[in-house]
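This report concerns only the one structure given below.
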Amino acid sequence: MERRKGMIRIAVCDDEPEVVEKINDSITCFRRDNKSDFTVEKYYSGESLVKSKKKYDLVFLDIEMKELDGIETAQEIRSEDVDVKIVYITSYTDYWKRAYKVHAFDFISKPFSDEEIHNVLNDFLKFYNAENEKTVELRTADGAAVLKVKDILYFYIKDKEKRKVIVNTNHSEYVSTESLREIYEKLNSEEFYKAHKSCIVNLRYVQSVTKNNGGNITMTDGTSIPLAIKKQNEFLYLLSKQLRKG
């Protein structure tokens, strides 16, 4: 399911109904005071959130839930959506170290105040707005194309003789008349990586990496990208930095 453009979608998931309602009320108050375009959906188990198959921009997620706990729920969500920001709700700080493995955006300890929820929402909006404002301008056969950085999956050379560079995004493909080197110089090296002489990948859309048989990157759309042997360690380091951003 695609996210609705212009609408920030939030999920609240906790097996304690009173906690869900408290967070929902706090978000409603923030939305009213800040005229923010939020929509909130409530869940009372990790299973119901995962089974919904819906994509959210921000998820408030309890860690200590029965059956499918918050960490397991986050792992399921992350496998389908690399962009979602997860805020963990917990009574026990012992869970925090484990939760970082699923790249938390923030943590809230129970009991919490409206101010803490509002601070998280403010931080998220700053991040969300900054991400949506990042663009890159590329030359194409049809003229200049201004693309949102967060929508670009990867660049690759399709025709080695003509050196055509294909730009694959979440919505469509473009053919750039610029060289791969020229394009790479325009990009943030902490977000994009030239994995091979013929391709550049957006680190946020990397699904998995294998180091066997020369190295291979699987992107979230299922595309297989070669990873040069001499670049494997550097790539894995930069990928881990990107993931830690949550």
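The values are calculated or read from the model by the stated rules, or taken from the named source; none is laboratory data. Note that the coordinates shown come from a computational prediction; the quantities given were computed from them, not determined experimentally. Here Cβ is always computed from backbone atoms with ideal geometry, including for glycine, and neighbour counts include all displayed protein chains.
Restricting the stretch 77-111 to residues that are crowded, with 17+ Cβ neighbours inside 10 Å and farther than 18 Å from Ser240 by Cα, the residue that is modelled with the highest pLDDT is Val87. Report yes if Asp37 is under 29 Å from His171 (Cα atoms), out of contact with any Phe, Trp or Tyr (no Cβ under 6 Å at 6 or more places or on another chain), surrounded by fewer than 16 Cβ atoms within 10 Å (Cβ to Cβ) and assigned by TED's automatic domain parsing to the domain that holds Asn119, otherwise no. For Asp37, the condition - under 29 Å from His171 (Cα atoms), out of contact with any Phe, Trp or Tyr (no Cβ under 6 Å at 6 or more places or on another chain), surrounded by fewer than 16 Cβ atoms within 10 Å (Cβ to Cβ) and assigned by TED's automatic domain parsing to the domain that holds Asn119 - is met.
Taking (1) in a helix (DSSP H, G or I); (2) touching a strand residue (DSSP E or B) at 6+ places or on another chain (Cβ under 7 Å); (3) over 26 Å from Val84 (Cβ atoms) in turn, Ala144 satisfies each apart from (1). Condition check: part of a loop (DSSP other than H, G, I, E, B) and either at pLDDT 90 or above or not assigned by TED's automatic domain parsing to the domain that holds Asp14 (or both). Does His118 satisfy that? For His118, the condition - part of a loop (DSSP other than H, G, I, E, B) and either at pLDDT 90 or above or not assigned by TED's automatic domain parsing to the domain that holds Asp14 (or both) - is not met.
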